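For reference, the structure discussed in these notes is given below.
Each reported figure results from applying straightforward, stated rules to the coordinates on display, with no laboratory input. Source: prediction; values computed, not measured. Here the Cβ positions follow ideal geometry from the backbone for every residue, glycine too, while neighbour counts run over all protein chains shown.
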Amino acid sequence: MKKIKKFTIKIILLFMLLIIPFSIVFRQEVNAATNGVNLNLEYIFENTEFRLYKVAVKDSNNQYVKTDTFKDYPVEISDFEESDKVSTAKTLNAYIQRDSISPLSIAKTNERFQTSFTHLDEGLYLIEGDHVLSGDYRYSPSPVLINLEKETQDRTIRMDLKYEKKGIKKPLDLEVYKVWEDNENKNRPESIELELLKNGEVVDLVELSEKNNWRHEWTDLPGRYAYEVTEKKIAKNYTVKTEREGNLIKVINKMGKKDDRPEITDEKVPQTGQLWWPVPLLLSISALFFIKGKKIDKNYEE
């Protein structure tokens, strides 16, 4: 009987040794997947609100596709890595302001001028924040796009946010003009409408066409406000991007297939802190040891 008990104890110990490594490894994998990325931001003012938006994800072909929130905005992002990230961010941000798109998350800088967004998964994100009036100047944080890859998961990224400083006492003049990149497409619209945004709200609508050489100028605008330009409705099969140098804004319409987001199947299941697929395997191993033990017990009894 002593030999039987010793053999049974050995089987139990062996089974425990099999379970423990599986549990530790799988729990670590789940924690790594759920922790995500932490973005620590630093700015020059405290109590400034910043907002985070998830713009796109990568598909199985490693191509960017827009999230549901941004899929109907024809701003080109498929070549994001090679594109002008600053202009792309500003173009997207103007539409965010115009349409009051709800952010994924909101955070304010503390007394040390810091804030953070935590537990972020993979994807292309946009960060933008409030304007601040201080003395004779308006400080506007520059919207920024940041791509979080799989390799950045379970890490902390620190960012010093840039800003634009503008005097507010003098009125300003703002000029806008249209550029077509479509190889003289015969289906090019005869005219387009542009919206002037003042702190995110549409305050004027103008039409550009060959009659005015695709140009317009606003004069004597109050300097204390931030101004952006959006195209009201982009023609089919065109994308839009705005580039700005000082008070000169270029609106570019480029011929190309609209970046509609394909259906993405999320194969992930809700995580509860431990994976379940090893359980049947471990139960099967346990059953085999149990049967083996029974046979040995029977042999000893005989």
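Remarks
- Taking amide H atoms as placed 1.01 Å from N in the peptide plane, the amide H of Gly36 lies under 5 Å from those of Asp154, each 5 or more residues away in sequence or on another chain.
- Over the stretch 36-169, relative contact order from alpha-carbon pairs under 8 Å, at least 6 apart, %: 39 percent
- Fraction in percent of alpha-carbon pairs per bin - 5 Å, the stretch 171-258: 3, 13, 26, 26, 16, 10, 5, 2, 0
- Computed over the stretch 36-169, the convex hull of the alpha-carbon atoms projects to a mean area of 8.7 nm².
- Under the criterion of Cα pairs below 8 Å and six or more residues apart, the relative contact order for the stretch 136-188 equals 49 percent.
- Extension gain, Arg155 back to Lys108 (0.36 nm per residue minus Cα-Cα distance, nm): 14.8 nm
- Taking amide H positions as modeled 1.01 Å from N, with prolines and chain starts lacking one, the residues under 5 Å from Ser105 and 5 or more places away or on another chain are Leu52.
- Contact order normalised by residue count of the stretch 171-258, Cα under 8 Å, 6+ apart, percent: 39 percent
- Protection proxy ranking of 119-126, 187-194, 233-240 - average other beta-carbon atoms within 10 Å, highest first: 119-126, 233-240, 187-194
- Packing rank of 218-227, 162-171, where each peptide gets the mean count of other beta carbons within 10 Å, highest leading: 218-227, 162-171
- Here the 3J(HN,Hα) profile of the stretch 119-128, calculated from phi with Karplus coefficients 6.51, -1.76 and 1.60 at θ = phi - 60°, is 6, 8, 8, 5, x, 9, 10, 10, 10, 9 Hz, Gly and Pro shown as x.
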